[in-house]
Amino acid sequence: MTAKLLEKREIPTGIDGFRLWPELLDVAAQRAMLAEIASMAEKAPFYRPVMPRTGRPFSITMTNCGDLGWVSDKEGYRYQPAHPETGTPWPAMPAAVRRVWDALAPEAPSPQCCLVNWYLTEKARMGLHQDRDEADFTAPVVSISLGDPARFRIGGTTRKGKTHSVMLNSGDVMVLSGESRLAFHGIDHVRFGATGLLAEIGFPGGGRINLTMRRVS
Ligand code: SIN
Ligand code: MN
(Lines give C-alpha, C1' and ligand atoms only; values in the text may rest on other atoms or scores of the structure.)
(Ligands and ions follow the chains in the order given, each with its own letter.)
Protein backbone atom coordinates (compact mmCIF):
# COMPACT_ATOMS: atom_id res chain seq x y z
CA MET A 1 0.00 0.00 0.00
CA THR A 2 1.76 3.10 -1.20
CA ALA A 3 1.65 6.43 0.62
CA LYS A 4 -0.07 7.89 -2.44
CA LEU A 5 -2.87 5.31 -2.37
CA LEU A 6 -3.39 5.88 1.35
CA GLU A 7 -3.59 9.62 0.82
CA LYS A 8 -6.01 9.27 -2.08
CA ARG A 9 -8.38 6.95 -0.23
CA GLU A 10 -8.55 8.50 3.22
CA ILE A 11 -11.63 10.62 3.91
CA PRO A 12 -11.95 13.12 6.76
CA THR A 13 -14.20 11.95 9.59
CA GLY A 14 -14.13 15.11 11.70
CA ILE A 15 -13.42 12.96 14.76
CA ASP A 16 -9.98 13.24 16.32
CA GLY A 17 -7.92 10.10 15.74
CA PHE A 18 -10.73 8.25 13.93
CA ARG A 19 -9.42 7.61 10.42
CA LEU A 20 -11.27 5.94 7.57
CA TRP A 21 -10.17 4.60 4.18
CA PRO A 22 -13.24 3.49 2.18
CA GLU A 23 -12.49 0.47 0.00
CA LEU A 24 -8.78 0.60 0.68
CA LEU A 25 -8.83 -3.09 -0.25
CA ASP A 26 -10.11 -3.72 -3.76
CA VAL A 27 -12.32 -6.72 -4.49
CA ALA A 28 -9.39 -8.98 -5.42
CA ALA A 29 -7.63 -8.13 -2.15
CA GLN A 30 -10.85 -8.68 -0.18
CA ARG A 31 -11.33 -12.11 -1.74
CA ALA A 32 -7.72 -13.13 -1.13
CA MET A 33 -7.92 -12.00 2.49
CA LEU A 34 -11.19 -13.86 3.07
CA ALA A 35 -9.71 -17.04 1.61
CA GLU A 36 -6.80 -16.76 4.05
CA ILE A 37 -9.13 -16.16 6.98
CA ALA A 38 -11.30 -19.13 5.96
CA SER A 39 -8.30 -21.46 5.90
CA MET A 40 -7.00 -19.99 9.16
CA ALA A 41 -10.42 -20.74 10.71
CA GLU A 42 -10.02 -24.41 9.86
CA LYS A 43 -7.27 -24.46 12.50
CA ALA A 44 -9.04 -22.11 14.93
CA PRO A 45 -12.78 -22.63 14.45
CA PHE A 46 -15.30 -19.86 15.02
CA TYR A 47 -17.07 -20.26 18.36
CA ARG A 48 -19.72 -18.28 20.21
CA PRO A 49 -18.35 -16.51 23.30
CA VAL A 50 -20.51 -15.63 26.29
CA MET A 51 -20.73 -12.42 28.32
CA PRO A 52 -18.96 -12.10 31.65
CA ARG A 53 -21.14 -12.89 34.69
CA THR A 54 -24.47 -13.38 32.86
CA GLY A 55 -23.12 -16.05 30.51
CA ARG A 56 -25.37 -14.66 27.77
CA PRO A 57 -24.11 -15.72 24.34
CA PHE A 58 -22.81 -13.09 21.93
CA SER A 59 -24.87 -12.61 18.77
CA ILE A 60 -21.72 -13.06 16.68
CA THR A 61 -19.13 -15.80 16.48
CA MET A 62 -15.40 -15.22 16.90
CA THR A 63 -11.94 -16.56 16.44
CA ASN A 64 -8.45 -15.03 16.51
CA CYS A 65 -5.06 -15.19 14.89
CA GLY A 66 -1.71 -13.86 16.04
CA ASP A 67 0.20 -14.46 19.29
CA LEU A 68 -2.79 -13.62 21.47
CA GLY A 69 -6.54 -13.90 21.10
CA TRP A 70 -9.24 -11.84 22.77
CA VAL A 71 -11.79 -14.00 24.57
CA SER A 72 -14.86 -13.49 26.73
CA ASP A 73 -16.40 -15.97 29.14
CA LYS A 74 -18.11 -15.97 32.54
CA GLU A 75 -14.80 -15.02 34.19
CA GLY A 76 -14.39 -11.87 32.10
CA TYR A 77 -12.58 -10.47 29.07
CA ARG A 78 -8.91 -11.27 28.48
CA TYR A 79 -6.20 -12.13 26.00
CA GLN A 80 -4.82 -15.65 25.88
CA PRO A 81 -2.41 -17.57 23.61
CA ALA A 82 -4.72 -20.51 22.83
CA HIS A 83 -8.23 -21.18 21.53
CA PRO A 84 -10.65 -21.59 24.50
CA GLU A 85 -12.36 -24.65 23.00
CA THR A 86 -9.55 -26.55 21.29
CA GLY A 87 -6.64 -25.44 23.54
CA THR A 88 -4.51 -25.01 20.42
CA PRO A 89 -2.33 -21.90 19.95
CA TRP A 90 -3.90 -19.32 17.61
CA PRO A 91 -2.69 -19.55 13.99
CA ALA A 92 -0.33 -16.88 12.66
CA MET A 93 -1.74 -13.62 11.38
CA PRO A 94 -1.94 -13.74 7.56
CA ALA A 95 0.73 -11.56 5.96
CA ALA A 96 -1.83 -9.56 3.96
CA VAL A 97 -3.63 -8.58 7.17
CA ARG A 98 -0.39 -7.64 8.86
CA ARG A 99 0.56 -5.47 5.86
CA VAL A 100 -2.49 -3.27 6.47
CA TRP A 101 -1.24 -2.57 9.99
CA ASP A 102 2.26 -1.83 8.71
CA ALA A 103 0.88 0.63 6.15
CA LEU A 104 -1.45 2.49 8.53
CA ALA A 105 0.45 2.26 11.81
CA PRO A 106 4.10 2.23 10.67
CA GLU A 107 5.33 3.78 13.91
CA ALA A 108 3.50 1.35 16.21
CA PRO A 109 4.96 -1.91 17.57
CA SER A 110 3.70 -5.12 15.93
CA PRO A 111 0.11 -6.19 16.42
CA GLN A 112 -0.21 -9.18 18.76
CA CYS A 113 -3.86 -10.00 18.17
CA CYS A 114 -6.21 -10.11 15.24
CA LEU A 115 -9.74 -10.68 16.48
CA VAL A 116 -12.04 -12.07 13.80
CA ASN A 117 -15.75 -11.32 14.27
CA TRP A 118 -18.30 -13.04 12.05
CA TYR A 119 -21.75 -11.43 11.86
CA LEU A 120 -23.71 -14.36 10.56
CA THR A 121 -27.37 -13.40 11.02
CA GLU A 122 -29.73 -10.49 10.53
CA LYS A 123 -29.68 -9.92 14.29
CA ALA A 124 -25.91 -10.00 14.82
CA ARG A 125 -24.63 -6.77 16.31
CA MET A 126 -22.15 -5.43 18.82
CA GLY A 127 -23.17 -3.12 21.65
CA LEU A 128 -21.27 0.08 22.42
CA HIS A 129 -17.99 -0.72 24.16
CA GLN A 130 -14.40 0.47 24.51
CA ASP A 131 -11.38 -1.61 23.49
CA ARG A 132 -9.61 -1.43 26.82
CA ASP A 133 -8.28 -4.86 27.71
CA GLU A 134 -4.85 -3.92 26.37
CA ALA A 135 -2.02 -2.84 28.69
CA ASP A 136 -1.06 0.10 26.50
CA PHE A 137 -3.32 2.42 24.53
CA THR A 138 -0.64 4.26 22.60
CA ALA A 139 -0.82 1.86 19.64
CA PRO A 140 -3.92 2.29 17.46
CA VAL A 141 -6.62 -0.28 16.73
CA VAL A 142 -6.79 -1.14 13.03
CA SER A 143 -10.03 -2.63 11.74
CA ILE A 144 -10.93 -4.16 8.36
CA SER A 145 -14.50 -4.77 7.15
CA LEU A 146 -15.33 -7.56 4.67
CA GLY A 147 -18.65 -8.69 3.23
CA ASP A 148 -22.03 -7.15 4.03
CA PRO A 149 -22.23 -3.45 4.96
CA ALA A 150 -22.70 -2.46 8.58
CA ARG A 151 -23.72 0.63 10.50
CA PHE A 152 -20.88 1.51 12.85
CA ARG A 153 -21.47 3.90 15.72
CA ILE A 154 -18.72 5.87 17.43
CA GLY A 155 -18.95 8.24 20.38
CA GLY A 156 -16.55 9.73 22.88
CA THR A 157 -14.75 8.28 25.86
CA THR A 158 -17.87 8.25 28.03
CA ARG A 159 -20.83 6.00 27.35
CA LYS A 160 -23.33 8.85 27.41
CA GLY A 161 -21.93 11.40 24.92
CA LYS A 162 -23.00 12.18 21.37
CA THR A 163 -22.39 9.47 18.77
CA HIS A 164 -21.90 9.43 15.01
CA SER A 165 -22.86 6.68 12.56
CA VAL A 166 -20.77 5.57 9.62
CA MET A 167 -21.57 2.85 7.08
CA LEU A 168 -18.71 0.38 6.74
CA ASN A 169 -18.51 -1.46 3.43
CA SER A 170 -16.42 -4.36 2.26
CA GLY A 171 -12.78 -3.36 1.94
CA ASP A 172 -13.08 -0.34 4.25
CA VAL A 173 -10.34 0.08 6.81
CA MET A 174 -10.48 2.26 9.89
CA VAL A 175 -8.09 3.26 12.62
CA LEU A 176 -8.92 4.27 16.17
CA SER A 177 -6.01 6.31 17.46
CA GLY A 178 -5.31 9.30 19.70
CA GLU A 179 -8.53 10.66 21.23
CA SER A 180 -10.55 7.92 19.55
CA ARG A 181 -8.45 5.03 20.82
CA LEU A 182 -10.75 4.71 23.81
CA ALA A 183 -13.92 5.89 22.10
CA PHE A 184 -17.09 3.89 22.67
CA HIS A 185 -18.04 2.12 19.46
CA GLY A 186 -20.21 -0.70 18.20
CA ILE A 187 -22.15 -2.18 15.31
CA ASP A 188 -25.87 -1.33 15.29
CA HIS A 189 -26.90 -3.32 12.28
CA VAL A 190 -25.58 -5.42 9.40
CA ARG A 191 -27.34 -5.29 6.03
CA PHE A 192 -27.37 -9.03 6.02
CA GLY A 193 -27.40 -10.57 2.54
CA ALA A 194 -26.56 -7.29 0.74
CA THR A 195 -23.45 -8.87 -0.80
CA GLY A 196 -22.82 -12.50 -1.60
CA LEU A 197 -19.12 -12.14 -0.96
CA LEU A 198 -18.58 -14.24 2.15
CA ALA A 199 -20.75 -17.13 0.99
CA GLU A 200 -18.65 -17.37 -2.18
CA ILE A 201 -15.40 -17.66 -0.25
CA GLY A 202 -15.57 -20.24 2.49
CA PHE A 203 -18.13 -18.62 4.81
CA PRO A 204 -21.38 -20.56 4.32
CA GLY A 205 -24.31 -18.41 5.36
CA GLY A 206 -22.54 -15.20 4.34
CA GLY A 207 -22.74 -12.02 6.40
CA ARG A 208 -19.90 -9.80 7.52
CA ILE A 209 -16.37 -10.35 8.80
CA ASN A 210 -14.49 -7.77 10.84
CA LEU A 211 -10.79 -8.08 11.55
CA THR A 212 -9.49 -6.02 14.46
CA MET A 213 -5.75 -5.82 15.01
CA ARG A 214 -4.41 -4.72 18.36
CA ARG A 215 -1.18 -4.34 20.27
CA VAL A 216 -1.85 -5.91 23.66
CA SER A 217 1.21 -5.37 25.90
C1 SIN B 1 -15.29 -4.50 17.40
O2 SIN B 1 -15.37 -3.40 17.91
O3 SIN B 1 -14.68 -5.45 17.96
C4 SIN B 1 -15.93 -4.81 16.08
C5 SIN B 1 -16.29 -3.63 15.26
C6 SIN B 1 -16.73 -4.06 13.89
O7 SIN B 1 -17.28 -5.16 13.73
O8 SIN B 1 -16.54 -3.29 12.94
MN1 MN C 1 -14.17 -2.93 19.62
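Rounded to a whole number of µm²/s, how large is the Stokes-Einstein D of segment 77-125 at 20 °C and 1.002 mPa s, given Rh as the Kirkwood radius over C-alpha pairs? Rounded to a whole number, D works out at 162 µm²/s. Dipole orientation for the chain: of the candidates M62, S110, W90, M62 has the Cα lying most toward the positive pole (charges on Cβ; Lys, Arg +1; Asp, Glu -1). With 31 Å as the limit on Cα-Cα distance, the pairs of K8/K43; K8/K162; K123/K160; K123/K162; K8/K123 that go past it are K8/K43; K8/K123.
Mind checking which of G161, I187, L211 is farthest towards the positive end of segment 118-217's charge dipole, using Cβ charges of +1 (Lys, Arg) and -1 (Asp, Glu) about the Cα centre? Of the options given, the answer is G161. If the segment from A82 to D26 were pulled out straight at 0.36 nm per residue, it would be longer than the present Cα-Cα gap by 17.0 nm. Sorting the segments 87-93, 145-151 by their residues' average number of neighbouring beta-carbon atoms within 10 angstrom, most packed first, yields 145-151, 87-93. By accessible area, using a 1.4 Å probe on protein heavy atoms only, the chain has 52% of its surface on carbon and sulfur.
As a length-normalised measure over Cα pairs under 8 Å and 6 or more apart, the relative contact order of segment 2-214 settles at 25 percent.
If you average the alpha carbon positions of segment 50-96 and of segment 118-152, how far apart do those two centres end up, in angstrom? Cα centres, segment 50-96 to segment 118-152: 14 Å. Per residue, the accessible area of the chain comes to 47 Å², computed with a 1.4 Å probe over protein heavy atoms only.
For segment 129-217, the fraction of alpha-carbon pairs lying more than 23 Å apart is 29 percent, rounded to a whole number. Dimensions of the chain along the principal axes, based on C-alpha atoms and rounded to the nearest Å, stand at 42, 38, 34, largest first.
Using the per-residue mean of other Cβ atoms lying within 10 Å as a proxy for protection, in what order, highest first, do the peptides 76-82, 202-208 fall?
My ranking of the peptides, most packed first, is 202-208, 76-82.
Computed from point charges on the beta carbon alone (+1 for Lys and Arg, -1 for Asp and Glu), the dipole magnitude for segment 2-214 about its Cα centre is near 620 Debye. Semi-axes of the equivalent ellipsoid for segment 1-117, computed as √(5λ) from the eigenvalues of its C-alpha gyration tensor and ordered from largest down, come to 29, 17, 14 Å.
Shown here for segment 26-113: GluC sites (Glu not before Pro) in loop regions (DSSP other than H, G, I, E, B) with at most 14 other Cβ atoms within 10 Å, namely E75, E85, E107.
The values are calculated or read from the model by the stated rules, or taken from the named source; none is laboratory data. In this text the structure is predicted, and so the values were computed from the model without any measurement. Heads up, the Cβs are rebuilt from the backbone with ideal geometry, glycines too, and the neighbour counts pull from every protein chain shown. The protein model used for the area step is the full one, side chains on, heavy atoms only, and it has no ligands, DNA or RNA in it. Shrake-Rupley method; radii C 1.70, N 1.55, O 1.52, S 1.80 Å.
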